[in-house]
1. For residues that are part of a loop (DSSP other than H, G, I, E, B) and among the charged types (D, E, K, R), scanning just segment C:523-540, find the one that is farthest from residue C:272 (Cα to Cα).
2. Please return the ranges of helices (runs of 4 or more DSSP H) entirely within segment A:203-267 where 3 or more residues are under 21 Å from the mean Cα position of the chain (by Cα).
3. Taking helices (runs of 4 or more DSSP H) that fall entirely within segment A:101-154, which contain at least 2 residues that are under 19 Å from residue B:209 (Cβ atoms)?
4. Test residue C:67 against the stated conditions and say whether it is in contact (Cβ under 8 Å) with a residue 40 or more places away in the chain, on the phi < 0 side of the Ramachandran plot, hydroxyl-bearing (Ser, Thr, Tyr) and outside any loop (DSSP other than H, G, I, E, B).
5. Of the residues C:130, C:175, C:170, which single one is within 27 Å of the chain's Cα centre (by Cα) and not assigned by TED's automatic domain parsing to the domain that holds residue C:456?
6. With respect to residue C:430, determine if the residue is outside the structural domain of residue C:261 (by TED's automatic domain parsing), touching a strand residue (DSSP E or B) at 6+ places or on another chain (Cβ under 8 Å) and surrounded by 17 or more Cβ atoms within 10 Å (Cβ to Cβ).
7. Please tell me if residue A:568 is near the ligand (Cβ under 10 Å from one of its atoms) and among the polar types (S, T, N, Q).
8. From A:291, A:339, which residue is more than 21 Å from residue A:503 (Cβ to Cβ), within 14 Å of another protein chain (Cβ to nearest Cβ) and without any contact (Cβ under 8 Å) to a residue 60 or more places away in the chain?
Amino acid sequence: MSTTPLLEVSDLHVRFTTPAGPVQAVAGLSFSLSASETLAIVGESGSGKTQAALALLGLLADNGRASGSARLEGEELIGQPARVLNRVRGARIGMVFQDPMTSLNPFLTIGDQMGQVLARHRPMARAAARAECCRLLDAVGISAAARRLTQYPHELSGGMRQRVMIAAALLCRPALLIADEPTTALDVTVQAQILALLGELRREFATAVLLITHDLGIVAGTCERMLVMQRGALVEQGTVDQVYAEPAHPYTRRLLAAAPRLDAPRSAAVPLPADSRMLLAAEEVSVRFRLPPERLFSRARELQAVSEVSLTVAERETLGIVGESGCGKSTLARALLRLVEPAAGRVQFDGRELTALDRTQLKAARRDLQLVFQDPLAALDPRMTVRDIVAEPLRTFRPELRAAEVTAEVTKILEEVGLEAAHLYRYPHQFSGGQCQRIGIARALILRPKLLVCDEPVSALDVTIQSQIINLLRDLQERFGLTLLFIAHDLAVVREISHRVMVMYLGRVVELAPVERLYASPEHPYTRALLAAVPIPDPERERNRVRTPLAGEPPSAFAPPSGCAFRTRCPHAIERCAEERPALRDYRGALVACHLAGKLGEPGRG
Amino acid sequence: MLRFTLNRLLGAIPTLLILIAVAFFLIRMAPGGPFDSERQLPPEIEANLRAAYNLDAPLHQQFLRYLADLARGDFGPSFQYRDFTVTELIASGFPVSLRLGGLALLLALVLGVTAGTLAAMRQNRAPDYAVMAVSMTGISVPNFVMAPLLVLVFAVLLGWLPAGGLGDGGWRHLLLPVICLALPQVAYIARLTRGSMIEVLRSHFIRTARAQGLAMHTIVLRHALKPALLPVVSFLGPAAAGLITGSVVIEQIFGLPGLGRYFVQGALNRDYTLVMGVVVFYGALIILFNFLVDLLYGWLDPRVKA
Amino acid sequence: MHSHRLSLMGAVLAAALFTAGCGPAEQRTAVPIGGASGAELAERQVFRRGNGAEPETLDPHRATSVTAGNIARDLFEGLTEMTPDGSVKPAAAESWTISEDSLVYTFRLRSGARWSNGDPVTAGDWLFSLRRAVDPATLSDYAAILYPIEGARAIVAGEAAPDTLGVQALDEQTLEIRLAAPTPYFLGLLTHSMSYPVHPPSVERHGERYARAGNLVSNGAYQLTEWVVQSHIRAVRNPYYWNDAETVINEVWYYPIDNQDAELRRYRTGELDMTEKVSSRQVDWIQRNLADEFVISPYFGTYYYGLNVTRAPFQGNRELRLALSMAIDRDVITERISGTGEIPAYSWVPPIPGYTQQLPEWAGWTQAEREAEARRLFEQSGHAAESPLVLELIYNTDDNHRRLATAIASMWQEVLGVETRLSNQEWKVFLQTRRERRQTQVFRSGWIGDYLDAFTFTELLHSTYGLNDTGYASERYDELVDTAALEADPARRRALLEEAERVLIDDHPIIPLYFYVTARLVKPWVGGYVPNIMDQHYTKNLYILKH
Ligand code: SF4
């Protein structure tokens, strides 16, 4: 650690003028960062961590004002005109944003976008610039770099795009790299790759890293020091080991406690009655989509989103469905409810064949089948009061109710989900994300359905809120005897609530097992890789974890590989895997679709 | 590419056929005929004319014959302009309309995109308000009002420009008509560009570009312009249709020998073949234009690239 | 829709004009016109005239429009020519003789007359041309003009071959035309473009494309050099014209401008030397600002309302027809509505030389007297005020017609308590409705004489005439018209026609409203412009003064 800090932030304030009055986003943040150091700023949404980073580069929105001081190698950044800051941005401070899908310009080739940075800060001959871009792409682990330069972002996968973002940020060898939630939009296996890459690059380029994240798991494995922010203020700072081991501030303690972790003992799911009968059964359900041509001159494409999935769910059971984005888990759920029409297969619900019902019958059956969505605010009509939103299903299914009775019903269910009668006549935007999700749940439950399908119900929420909602769902399941289909990409969350877990890859089930069996001794190589990629919020364990991140990303669903869909990434693949698709077979209490099931030995876990 | 082009062209045939049929029977349903005039023709003369123009055959036979002629590229003789075939009239009128419309479109694009971009960069400041106010005027003042006013000022009062006619086809004769024709489109394109530019400037990839320290003009020109132009490109189809209808009025006010005038006069005179010719020609033109717009779209947006 | 837009445009323009007033374009007469002497000619003898709608063709035998006629008069020369005072003078024919029975006309062609390509104009060319004019294959709309010539009608109808036409080339320079019946106005007819000669070799070579620039060979003072449809037509002097020495203007440009507001603007910028028309909305402004250049003169036409006498309420109800006519204050209409100096009409034939207008007695009354009589007649007609009469008045869509109809409806309402429903129709629809006579009650109409003779008006209301949309059928009137048609003695013929008009006005199947005028702007440097009732102007008679 050098003696003069690379970055010295003192008493940083960020204020926004909004129609509703001034909002203080960052209040008196002070910290320093030495050269080559990795520092994490941890906080939940609204903690001000991102605004603090944007303030450093003068990238606040038009209505934002920063005050205080931030010195980069002694030079003041706050309040400088764009002309001055433009010599810092991209040159001495590189920045990587959260969403690689939208943070690269879809209209320019990778080469153009990288070349412009060089042209701005390190002018050089065209050929030299090209070579330099290739070098950087190599460094971030992108193969065939020269060809990539001519490609557009949409031709690359999400992980690759984030690598490009990082390469572009490092082009001018900045002293500081700010990474704002760099892996949040990525799948867990890709996240592991990117985190590993950041670690390597930091060493190679001797760059200090300011990592901004909400995920305590990734901080544990990647950073030396951390700051914890809450509502714009710094509440705790220290080395990572220190903070994890002995969190001083109650908020830090709450955060750590709320983070679901795979290594902790599992809080018990609602016990399943022994005589539970079958509520939902699917047989060989497939879903196909026809998509418009990708290119102007090609044919329409057909996408097999779900392939021959069979499952059963017993009454009061929770079936967790996990998989990376695009694996077909949400489509499967929609197909089970016939919100999309399955191309093949049968679905039975409560003794009736859903797939055989006509429109009116289906509508009646929906009363027992309700859905909770991912983005709580977007799922609620902003012009309706909470009472009307929650009461909406009553209008269709119980039109005989009088207004007062409706209000009584709504009040009752609001109280069940932890809201109050006082909330009845407010509008969705007046609620926090967690409260909105409670409203969504109340609305789903007002008809007292038998089955609740939750599609990523907590992934948009902060960790502390996540655990509250999980607890609420568990609680409601017990009280109402609900059956749950719980879809999520977060393996730790699924573990908290499920009785059985189904793992999907490229539209197919690769493993289906009771929760203890699956997490304790995963059989399928993919399940194993997923679990291995989940970061654990414990610096000690993370450091000691032997990790070989799964290479690559899921192939396109338009052209799935022959035989085993996973074989392109599977470390164990053999010749047979390319020729023959493994069937789902029972192996010691788990259904596994792998030719080598049971022959792989114990999974290597940290 | 070739296959796509062929597909599109083949796909256009039914559209054109329907257009032809609808236009053919609609104009025939209108009361009165091409040879009615205040001085009624003696019946023997009218009979001669009807026979010469094949108007005495049953309507469906006339239609089939029209289609057969059309397939050979023959639009038939004009009823009104006795010395010319419709093909000749289109051939003489279209270059003028094309020049007028093409220049107007070009002007509209250059002015509209520039003004819209400037307004977006100075959002809610004086230049923005100025551009928006002017474009609001452009949209709300119809060109049959704008055109005489401009002529009055620049031709009659100031004497700088001619009041009408094509003259030698030079810029002095085209300037006012092109401006009048372009003005509503300039206004629309400016608003469109402003809106989409503001949206693009707020997008994440612009934030990335700013974080890379790129200068504002690089960001606008290299990063934001292309995506901001997409809505403008989509608007080109309607804009072309707008220019065609606009040219009907403009060509009349400025006495330009374009195609637009034939349309109205053909309809009023019940010049069946001329109206049909213009309809079919413009129909085919709009189909072609939309095809070109699609190609342009593909060129602009790599995500739909050929 | 279209015309509505244009009228709105006109209103805006008018407003702008009023505020803008007189600009530099009107004030740039630094040089006194005509130089010091007032008669000095300009160096550039180029005449540019607005010419209304695009001519449908320049083939004289197929052209029908006034605008095509304007050009044809410069390109071609008939046997005779109309002078501004309405008399006929020799043109391509040097002289002629007429037989005792008025049936045979023998023309002596001008020696040395040549086509614009230098070929001599022969009697054979004339024979060819007249036969072509009536040949059904020529598809001539106006072939009926030549019906007075022996055999013409049968040829047009396809019943006889064109060579049966009663025309003979007696020698290179002598042409004989035999008529089917005496036609006192026949020499006048020969000023019409239907009688113009076409150049036989060119017609044979180019067929339907004969009238194009480059193909057209003509015998008039000018020859066609350029025709850009919808843009302009250009003619230059024909060096072979027999009287080329007297021609002053070297070049004529005819601009097709059918919008009078646009025409006025181009006139004001000096792009035109003469307009074809002016818009009645502009008249006030013009009279205040361009009075010196504004030329108004009577025109051979009558604006009238036709009454459908084949159906109620006009069938057999002369009192009602007269009552409606008398209730109209024509002075108000010509002064306040039409407004260009039109002449109130109480009779049918416009005032022309050689004919006495047949005014009814009430033409000389005060309007109050006429209204009193109108009320009396109305009561007599069986329409008391208690059972109000509802009439429908149709007119073709046009702002001027609408204003006039509105005014008349209110006069009828005020004087007689008659309610009038106005209904406008697009031109071609209007023509058809009128012709069908099924629903029509009152319809707007106007008639412009084809040749300078009362007969062109009288004939219109003959029961067998195709254009008699009123359905008027009077035995007495038909008999008078038929007799007049065959009468060779001018005085007797005139008496017959005048009596026919008296019958007509007495029966009143039409309500004459006003006689048309020609109103146009002519630059002060255009010399030789003489207003005349047929509105025919030969460029060869004009000249451009120094300015
Ligand atoms: S079947 Fe083969 S490729 Fe597929 S998971 Fe098993 S070992 Fe890997």
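The values are calculated or read from the model by the stated rules, or taken from the named source; none is laboratory data. Note that the coordinates shown come from a computational prediction; the quantities given were computed from them, not determined experimentally. Cβ sites come from the backbone with ideal geometry, for glycine too, and all protein chains shown count toward neighbours.
1. Kept after step one, since they are part of a loop (DSSP other than H, G, I, E, B), are these residues of segment C:523-540: C:523-525, C:528-538.
Now drop any that are not among the charged types (D, E, K, R), which leaves C:523, C:535.
Values: C:523: 8, C:535: 18 Å.
Among those residues, the one meeting the criterion is C:535.
2. Values: elements: A:216-222, A:240-245, A:250-258.
Those helices (runs of 4 or more DSSP H) span A:216-222, A:250-258.
3. Of the helices (runs of 4 or more DSSP H) lying wholly inside segment A:101-154, those with at least 2 residues that are under 19 Å from residue B:209 (Cβ atoms) span A:110-121, A:126-139.
4. On the way: in contact (Cβ under 8 Å) with a residue 40 or more places away in the chain: yes; on the phi < 0 side of the Ramachandran plot: yes; hydroxyl-bearing (Ser, Thr, Tyr): yes; outside any loop (DSSP other than H, G, I, E, B): yes.
For residue C:67, the condition - in contact (Cβ under 8 Å) with a residue 40 or more places away in the chain, on the phi < 0 side of the Ramachandran plot, hydroxyl-bearing (Ser, Thr, Tyr) and outside any loop (DSSP other than H, G, I, E, B) - is met.
5. Working: C:175 fails: within 27 Å of the chain's Cα centre (by Cα); C:170 fails: within 27 Å of the chain's Cα centre (by Cα).
On inspection, the qualifying residue turns out to be C:130.
6. On the way: outside the structural domain of residue C:261 (by TED's automatic domain parsing): yes; touching a strand residue (DSSP E or B) at 6+ places or on another chain (Cβ under 8 Å): yes; surrounded by 17 or more Cβ atoms within 10 Å (Cβ to Cβ): yes.
So residue C:430 fits the description; yes.
7. Numbers: near the ligand (Cβ under 10 Å from one of its atoms): yes; among the polar types (S, T, N, Q): yes.
When the stated conditions are applied, residue A:568 passes them.
8. A:291
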